[in-house]
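Encoded as structure tokens, the structure appears first; notes follow it.
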Amino acid sequence: MKYSLRINRKGRRVVAFLILTFMCCVVSVSFVNVGRASDDRTRTRAERALREGEYETAERLYRELLARDAHDNSARLGLSFALYKQRNFQDAYDHAARVVGNDPLSSRAHALLGAAVLASGDFHLSVEEFRTALSIRENEALAIAGLALVDFYEGRLDRSLLGFRRAASLDSNEPDYIYSLAQSAARTERYKEAADAYERFLVIAPRTDEDRRAPHGRVPHIYSFRDN
């Protein structure tokens with residue numbers, strides 16, 4: 001009887017230990033799931049803020065994600081893009097470069113490097129970054145639009161138009177591509193296409209994009225040739 005009692009007591013301790021271990025695992029998994037759900041909500045809010053032109057809000061939300069996980073490359077790319085939209089090109093470049101350091105095959109990071117460098121006036125280096133991005137992922141819209149913008153600046157208007165058309169088809173909700181398409185079409189005297197693109201821009205551009213939405217921001221001449 002005593003031997004049996006000792007076995008039972010030992011068994012109870014084992015069972016209690018197993019139950020405690022199980023409960024700890026459940027609590028740990030619950031905390032992980034709660035953390036992931038919170039991050040997902042923050043990421044969704046940041047992406048919405050970008051679409052709505054609330055770039056400072058997007059920046060703050062992406063920084064919150066990075067404060068929780070400094071290795072979150074997706075959040076760092078989002079932060080880089082939010083900074084780029086605010087014309088903070090140096091910081092946009094720095095964050096994209098950190099992603100490249102962690103993931104050299106990130107096409108988005110190379111495209112953001114190219115965009116930041118192009119905005120600062122270095123055409124040669126920007127083209128290298130855009131081409132690197134496209135060698136990794138041929139449908140990287142930001143890189144395609146970047147090369148098209150270089151073509152536009154350097155007078156290769158037909159090639160520029162093709163590039164903006166492709167970028168706009170890949171990401172039809174990015175106002176920059178649609179506006180650039182309207183500009184490029186107008187410069188090549190495709191006024192109906194330019195007008196259609198600008199009207200599409202007005203639909204998708206955030207209200208905060210006041211300069212390009214205002215009458216003085218319209219692509220020149222497109223409405224007088226609307227039906228050509």
Would you point out the residue of region 50-75, among those that are in contact (Cβ under 8 Å) with a residue 24 or more places away in the chain and small (Gly, Ala, Ser), that is nearest to Ser107 (Cα to Cα)?
-> Ser74
When only residues in region 87-116 that are among the hydrophobic types (A, V, I, L, M, F, W, C) and under 20 Å from Arg159 (Cβ atoms) count, which is surrounded by the most Cβ atoms within 10 Å (Cβ to Cβ)?
-> Ala111
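Within region 160-218, track down each residue that is aliphatic (A, V, I, L, M), free of Cβ contacts under 8 Å to residues at least 24 places away in the same chain and over 18 Å from Glu140 (Cβ atoms).
Matches in region 160-218: Leu202, Val203, Ala214.
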What helices (runs of 4 or more DSSP H), lying completely within region 56-167, carry at least 1 residues that are of a type in the set (Phe, Trp, Tyr), farther than 25 Å from Pro206 by Cα and more than 14 Å from the chain's Cα centre (by Cα)?
-> 123-136, 141-153
For region 179-187, does any single residue satisfy the condition of being at pLDDT 95 or above and not in a helix (DSSP H, G or I)?
-> no
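The values are calculated or read from the model by the stated rules, or taken from the named source; none is laboratory data. In this text the structure is predicted, and so the values were computed from the model without any measurement. A quick note on method: Cβ atoms are made from the backbone with ideal geometry, for glycine too, and the neighbour counts reach across all protein chains shown.
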